[in-house]
Amino acid sequence: MIVLRRRNAFLLTMCLWTLPASSGCGDGKPSIDTSLNEATVTGVVSVKGVPATGGTILFNPSNSGRIVATRTAEIGPDGRYTIKTYTGDNQVTFGGEIAQKHMGLGLMKEYASVKAGENTIDYDLMGAGSSQKAATFDLTKKGQRRRG
């Protein structure tokens, strides 16, 4: 009788331990938009608060469930752009004239969450609203060693 109780207790314990591991949360991948629904994005690209005067803006809507070509649009003389891309998260990069004029912008990556319909997304690169800050160094002072 004692052997059966221990055996049942052991089986019950094993079932309780394996139940959470077997239920899971789907296939383990984050939720992503794999549809091919297009949307329009318009906006203004500025550099340090001044509208950019040329170059290209590139939206890459690819993800683990959707491999598609990058979309490209010209940045106008007033900094405005209009592009059609797929809904969901898009990686945004900049090229052409804007990247040549401003060192480092060709390597900068921004992100856009594009919704169905019309979207307005402005970018102020290297400005107050930018995630990347320019490093500044005072080269007029001679280096001093710290002792410690």
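None of the figures in this text is laboratory data; all of them are computed from the coordinates on show. Bear in mind the structure is a predicted one, so any value in this text is a computation, not a measurement. For neighbour counting, all protein chains shown are included, and Cβ atoms are generated from backbone atoms with ideal geometry for every residue, glycine included.
The table for this structure:
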| quantity | calculated |
| --- | --- |
| Integer Hz, Karplus 6.51/-1.76/1.60 couplings in order for segment 109-126, x for Gly and Pro | 10, 10, 9, 9, 9, 8, 9, 4, x, 9, 10, 10, 9, 9, 10, 10, 7, 6 |
| Under 5 Å, built H, 5+ apart or other chain: amide partners of residue 125 | 46, 47, 48, 49 |
| Ordering of 75-85, 109-119 by packing [mean C-beta count within 10 Å, highest first] | 75-85, 109-119 |
| Relative contact order of segment 29-70, defined on C-alpha pairs under 8 angstrom at six or more residues apart (%) | 38 percent |
| Local electrostatic count at residue 70 - Lys and Arg +1, Asp and Glu -1, tallied over other residues with Cβ under 13 Å | +4 |
| Dipole of segment 38-125, positive direction: furthest Cα of 120, 62, 46, with charges on the beta-carbon | 62 |
| Hull volume in cubic angstrom per residue (convex hull over the Cα atoms of segment 38-125) | 78 Å³ |
| Net charge dipole size for segment 63-128 [Lys, Arg +1 and Asp, Glu -1 on Cβ; Debye, nearest 20] | 260 debye |
| Cut-off 9 Å between beta-carbons: net charge of the residues surrounding residue 47, Lys and Arg +1, Asp and Glu -1 | +1 |
| Karplus (6.51, -1.76, 1.60) ³J(HN,Hα), θ = phi - 60°, over segment 42-56, in Hz, Gly and Pro reported as x | 10, x, 10, 9, 10, 10, 6, x, 9, x, 5, 10, x, x, 10 |
| Under-5 Å amide H pairs with residue 33, H placed in peptide plane, nonlocal only | 89 |
| Value of relative contact order over segment 38-125, rounded to a whole percent, pairs C-alpha under 8 Å and six or more apart | 40 percent |
| Two-site label geometry, residue 97 and residue 82: point separation in nm, points 7 Å out along Cα→Cβ | 1.9 nm |
| Under-5 Å amide H pairs with residue 54, H placed in peptide plane, nonlocal only | 79 |
